[in-house]
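The values are calculated or read from the model by the stated rules, or taken from the named source; none is laboratory data. Because the structure is a prediction, the values reported are computed rather than measured. A quick note on method: Cβ atoms are made from the backbone with ideal geometry, for glycine too, and the neighbour counts reach across all protein chains shown. Side chains included, ligands, DNA and RNA excluded: accessible areas come from the protein's heavy atoms. Shrake-Rupley method; radii C 1.70, N 1.55, O 1.52, S 1.80 Å.
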Amino acid sequence: MALTEPERRKLWVKAGGRCTLCKAYLLEGNLTAKEVPLGEGAHIVGQQATPGSPRGMDSDLGADDRDKAENILLACASCHTEIDKQQVTGLLTIDELTRRKLQHENQIRHQTGLTTDRRTTVLRVQGWVRGAAMELSKDTAALAVIRSSDRFPLFMPAFDQHGIEIDLRHLPGEEEGTPAYYAAGRARIDSGVKDRLYEGIRTNQVHHLSVFAIARLPLLVYLGWALDDGVPTDVYQRHRRSDDWLWPTGGQDTQFTIEPIRDEHAEATDAILITNLSGTTHLKNLPPALTTCPAFRLRVDGDTAHEDIIATPEALSFLEKAIRRFFSNLEATNKPLQRLHVFGALPVSAAVTLGRSLKAADLRPKVVLYDLTQSGYVQVMEI
Ligand SMILES: [Zn+2]
């Protein structure tokens, strides 16, 4: 009897086309570099329970099971010959060969999996911006992932084949940005992240995340903070100029600086951070209660603020580095600081990235976020 075709296929797939023992590639001749099949099926427990069949009498395995893939090593001719020689008897035993086979097959599965798993779980957060619900469909997100990364979007069955969705629309108080609206928004984000994302991570379904979000700025920062910082994450945004979510071709890898613009009262418990990325905010327009505290400004190097200032994923990682550096310096320069009041204008991806950086900072003041309403700045959130 010999291996059936299904058993043979199982053996070759599991062994990854390599010799279980010396790891030789089994489809290329050493002498001619031609494609010649060089693999052989070597029995662990010999095919027959006779003295002439190596290891055949060391086990009571049934005759039928001896020709199953589980009992066969994929090996090169040289290794096959060697393990069956009389001289090695007792050295490469059934247990030892079985152990090598399992180890090899696990390695093949693990290593080939590492390089091929390019799937990313899509997280969509839909909210209202300036009184309008923005369209952000599953197809839109999938297209952006496929076209502008080397990954494939994953919409898991466990998540209704739609990825993870957090819906911030239809919450009461949206128009005015009431405290109830922000409380409800945070609760939606919390439950989406905890029940779905964390559950996906726990059950080993989420290895990489692609975030697509439309919402008011404080909720975007909160979202970034709520995400798990152990999962590699790409953050997308809609680009104003092209009106879509693909990263534009030929975008600039912009760099960023956070610098002090008002230094007095270094012992203050409150400080201001003005983010001038998608628009420009001036100190003089901020709430009067904060007029004497130290202030910092986040700005773009060598460019003026505009909506599409974050034009590449690299620019976003430069921004993240600048923010992280700022928080670690703050601990040294403004020790008594308890609250950092954040104002200004950030593109969507930058707001989420700010939130993610907050998670990473160990020692930092509370970050206070504001909404700009018709009656001025209203404090809406502390993180
Ligand atoms: Zn070999």
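Select from the range 32-46 the residues that are more than 16 Å from the ligand (Cβ to nearest atom) and open to solvent by 60 Å² or more (accessible area, probe 1.4 Å) and list them in ascending order.
Going through the range 32-46, the residues more than 16 Å from the ligand (Cβ to nearest atom) turn out to be 32-35, 45-46.
Residues satisfying the conditions are 32, 33, 34, 35.
Which of the residues spanning the range 326-339 are buried (at least 19 other Cβ atoms within 10 Å of the Cβ), at pLDDT below 90 and either over 19 Å from residue 359 (Cα atoms) or out of contact with any strand residue (DSSP E or B) (no Cβ under 7 Å at 6 or more places or on another chain) (or both)?
Step one: filter the range 326-339 for residues buried (at least 19 other Cβ atoms within 10 Å of the Cβ), giving 326-327, 330, 334, 337.
From what's left, at pLDDT below 90: 330, 334, 337.
Those that are buried (at least 19 other Cβ atoms within 10 Å of the Cβ), at pLDDT below 90 and either over 19 Å from residue 359 (Cα atoms) or out of contact with any strand residue (DSSP E or B) (no Cβ under 7 Å at 6 or more places or on another chain) (or both): 330, 334.
For the range 220-229, state whether one or more residues are more than 18 Å from residue 340 (Cβ to Cβ) and open to solvent by 70 Å² or more (accessible area, probe 1.4 Å). Walk me through it before giving the result.
Step one: filter the range 220-229 for residues more than 18 Å from residue 340 (Cβ to Cβ), giving 223, 226-229.
Add one more test, that the residue is open to solvent by 70 Å² or more (accessible area, probe 1.4 Å), and what stays is 229.
Yes, there is a match, as at least one residue in the range 220-229 is more than 18 Å from residue 340 (Cβ to Cβ) and open to solvent by 70 Å² or more (accessible area, probe 1.4 Å).
Quick one: which of 352, 342, 378, 348 is in contact (Cβ under 8 Å) with a residue 40 or more places away in the chain, of a type in the set (Val, Ile, Thr) and surrounded by fewer than 20 Cβ atoms within 10 Å (Cβ to Cβ)? Spell out the reasoning first.
Working: 352 fails: surrounded by fewer than 20 Cβ atoms within 10 Å (Cβ to Cβ); 342 fails: surrounded by fewer than 20 Cβ atoms within 10 Å (Cβ to Cβ); 348 fails: surrounded by fewer than 20 Cβ atoms within 10 Å (Cβ to Cβ).
Answer to the selection: 378.
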Could you please tell me which pairs satisfy a Cβ distance under 8 Å, a separation of 6+ or placement on different chains, a first residue in the range 71-84 that is not assigned by TED's automatic domain parsing to the domain that holds residue 98, and a second residue that is more than 9 Å from the ligand (Cβ to nearest atom) and charged (D, E, K, R)? none
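Determine whether the range 64-72 contains at least one residue that is open to solvent by less than 60 Å² (accessible area, probe 1.4 Å), over 30 Å from residue 143 (Cα atoms) and in a strand (DSSP E or B). Write out each step before concluding.
Initially, the range 64-72 is screened for residues open to solvent by less than 60 Å² (accessible area, probe 1.4 Å), giving 66-67, 69, 71-72.
Within this subset, residues satisfying the condition of being over 30 Å from residue 143 (Cα atoms) are 66-67, 69, 71-72.
Those still in the list that are in a strand (DSSP E or B) too: 72.
Looking for residues that are open to solvent by less than 60 Å² (accessible area, probe 1.4 Å), over 30 Å from residue 143 (Cα atoms) and in a strand (DSSP E or B), one finds at least one in the range 64-72, hence yes.
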What are the pairs, 6+ residues apart or on separate chains, where a residue within the range 17-29 that is near the ligand (Cβ under 7 Å from one of its atoms) has its Cβ under 7 Å from a residue that is in a loop (DSSP other than H, G, I, E, B)? 19/26; 19/76; 22/76; 24/76
Residue match in the range 304-321 (condition: modelled with pLDDT under 90, more than 29 Å from the chain's Cα centre (by Cα), more than 30 Å from residue 229 (Cα to Cα) and not in a strand (DSSP E or B)): yes
Taking the residues in the range 316-325 that are under 10 Å from residue 255 (Cβ atoms) and in contact with a strand residue (DSSP E or B) (Cβ under 8 Å, 6 or more places away or on another chain) as candidates, determine which candidate is most open to solvent (accessible area, probe 1.4 Å). 318
Residue 368: passes all of (1) within 28 Å of residue 247 (Cα to Cα); (2) open to solvent by less than 20 Å² (accessible area, probe 1.4 Å); (3) touching a strand residue (DSSP E or B) at 6+ places or on another chain (Cβ under 7 Å) but (1)
Considering only residues that are aliphatic (A, V, I, L, M), surrounded by fewer than 17 Cβ atoms within 10 Å (Cβ to Cβ) and modelled with pLDDT of 85 or more, which ones fall in the range 249-267? 261
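Just to verify a result, which residue in the range 3-16, among those that are out of contact with any helix residue (DSSP H, G or I) (no Cβ under 7 Å at 6 or more places or on another chain) and not charged (D, E, K, R), is nearest to the ligand (Cβ to nearest atom)? First the steps, then the outcome.
At the first step, the residues of the range 3-16 found to be out of contact with any helix residue (DSSP H, G or I) (no Cβ under 7 Å at 6 or more places or on another chain) are 4-6, 8-9, 12-13.
Adding the requirement that they be not charged (D, E, K, R) leaves 4, 6, 12-13.
Numbers: 4: 24, 6: 24, 12: 15, 13: 18 Å.
Here the residue is 12.
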Just checking, does the range 92-105 include any residue being open to solvent by 60 Å² or more (accessible area, probe 1.4 Å), in a loop (DSSP other than H, G, I, E, B), within 16 Å of the ligand (Cβ to nearest atom) and farther than 30 Å from residue 212 by Cβ? no
Filter result for residue 299 (assigned to a helix (DSSP H, G or I), assigned by TED's automatic domain parsing to the domain that holds residue 373 and surrounded by 14 or more Cβ atoms within 10 Å (Cβ to Cβ)): no
In the range 181-207, residues that are over 18 Å from residue 162 (Cβ atoms) and touching a Phe, Trp or Tyr at 6+ places or on another chain (Cβ under 8 Å) total 2
Matching residues in the range 73-91 - criterion: being within 13 Å of the ligand (Cβ to nearest atom), aliphatic (A, V, I, L, M) and not in a helix (DSSP H, G or I): 73, 74, 75
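Determine whether residue 56 is among the small types (Gly, Ala, Ser), open to solvent by 40 Å² or more (accessible area, probe 1.4 Å), in the same structural domain as residue 106 (by TED's automatic domain parsing) and more than 16 Å from the ligand (Cβ to nearest atom). Give the steps one after another, and end with the answer.
Working: among the small types (Gly, Ala, Ser): yes; open to solvent by 40 Å² or more (accessible area, probe 1.4 Å): no; in the same structural domain as residue 106 (by TED's automatic domain parsing): yes; more than 16 Å from the ligand (Cβ to nearest atom): yes.
In short, no.
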